[in-house]
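Pasting a structure below so you can have a look.
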Amino acid sequence: MAELDIQISVEEGDWPSEEILQSLAERVLGEAANYLKKNEKQPFPKMAPELSLVFTDDASIREINAEWRSQDKATNVLSFPAFPLEPGGTPGPMLGDIIIARETVEREAVELEKSFDDHLTHLMVHGFLHLFGYDHMNNSEAERMEGLETRILAGLGLSDPYAGQDPI
């Protein structure tokens, strides 16, 4: 992919092979990058910025969440931008890291009555948008970010993950 240099690491948990995850990430994040570039006029540097996707388990993400966010609990996805970036700003050579926990994704997919792959796809897009400076700390930010997620997921053939919910 020309827009992103995606590095995959499976650290813990019962994940598919790195090849399968790489293919999924290239398709999903490629769609997200193309959407941002075309519809949000998101600039990209000439050299594709590097993005790491770390696939782990609940125990590992709980430790990371406790250390970096002072929240001693597992979560589905964490994003760590390499550099602060506002939406529409040009990323540097390192975009950042997205960390995803297997058990939480699996549990949430069942609760939401979605396939594991569809929920994983949503969380990849969600984490990716955080790296570009999008957030959901208030209703206005949440509406903007959730709208982007919904439109990107529609481009991937997935339904609105927020249908019937208030913004987070």
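Using a Gaussian network model on the chain with a 10 Å cutoff between Cα atoms, which of 22, 71, 42 fluctuates the most?
71
May I pose another question? When the dipole is taken about the Cα centre of the stretch 42-95, and only Lys, Arg (+1) and Asp, Glu (-1) are charged at their Cβ, what size is it in debye, to the nearest 20?
On the way: 4 positive and 7 negative charges, 38 e Å.
Once rounded to the nearest 20, the dipole reads 180 debye.
Candidates (1) -0.21, -0.42, -0.82; (2) -0.46, -0.66, -0.90; (3) -0.33, -0.51, -0.81; which is the computed log10 I(q)/I(0) by the Debye sum over Cα atoms at q = 0.08, 0.11, 0.15 Å⁻¹?
Computing log10 I(q)/I(0) by the Debye sum over Cα atoms at q = 0.08, 0.11, 0.15 Å⁻¹ and matching it to (1) -0.21, -0.42, -0.82; (2) -0.46, -0.66, -0.90; (3) -0.33, -0.51, -0.81 gives (1).
Quick one: accessible surface of residue 9, probe radius 1.4 Å, all protein chains present, in square angstrom to the nearest 10.
The value for residue 9 is about 40 Å².
While we're looking at this one, here's another question. Using a Cα-Cα cut-off of under 26 Å, which lysines could be cross-linked to residue 46, ignoring same-chain neighbours fewer than 8 residues away?
Excluding near neighbours in sequence, the set is 37, 38.
Continuing with this model, one more query. Restricting to bridges with both residues inside the stretch 54-111, how much of the DSSP beta-bridge set is antiparallel, in percent to the nearest 5? Write down the numbers at each step before the final one.
Details: 5 of 8 bridges.
Approximately 60 percent, going by the DSSP bridge assignments.
Now a separate question. Just the number, please: Stokes-Einstein D of the stretch 49-141 in µm²/s, Kirkwood Rh from C-alpha pairs, 25 °C, 0.890 mPa s.
177 µm²/s
Where in the chain are the DSSP H helices whose C-alpha atoms run 20 Å or more along the long axis and whose mean Kyte hydropathy is at least -0.5? Mind showing how you got there, number by number?
Working: long enough: 18-39 (30 Å, -0.45); 116-131 (23 Å, 0.37); 139-155 (24 Å, -0.66).
Sorted by number, the helices that extend far enough and score high enough are 18-39, 116-131.
Another question, if that's okay. What accessible area per residue comes out for the stretch 93-145, rounded to a whole number of Å², with a 1.4 Å probe? Provide the component values of the computation, followed by the final result.
Values: 2380 Å² over 53 residues.
With the other protein chains kept in place, the stretch 93-145 gives 45 Å² per residue.
Let me ask you something else. Under a plain spin-label model, where a point goes 7 Å from the Cα along Cα-to-Cβ, how far apart in nm are residue 11 and residue 66?
1.4 nm
If one computes the Cα centroid of the stretch 119-162 and of the stretch 21-72, what distance in Å separates the two points?
That distance is 12 Å.
The values are calculated or read from the model by the stated rules, or taken from the named source; none is laboratory data. In this text, all values refer to a predicted model and were calculated from it rather than measured experimentally. Every residue, glycine among them, receives a Cβ derived from its backbone with ideal geometry; neighbour counts consider all protein chains shown. Please note that ligands, DNA and RNA were not included when accessible areas were found on the heavy atoms of the full protein model with its side chains. Shrake-Rupley method; radii C 1.70, N 1.55, O 1.52, S 1.80 Å.
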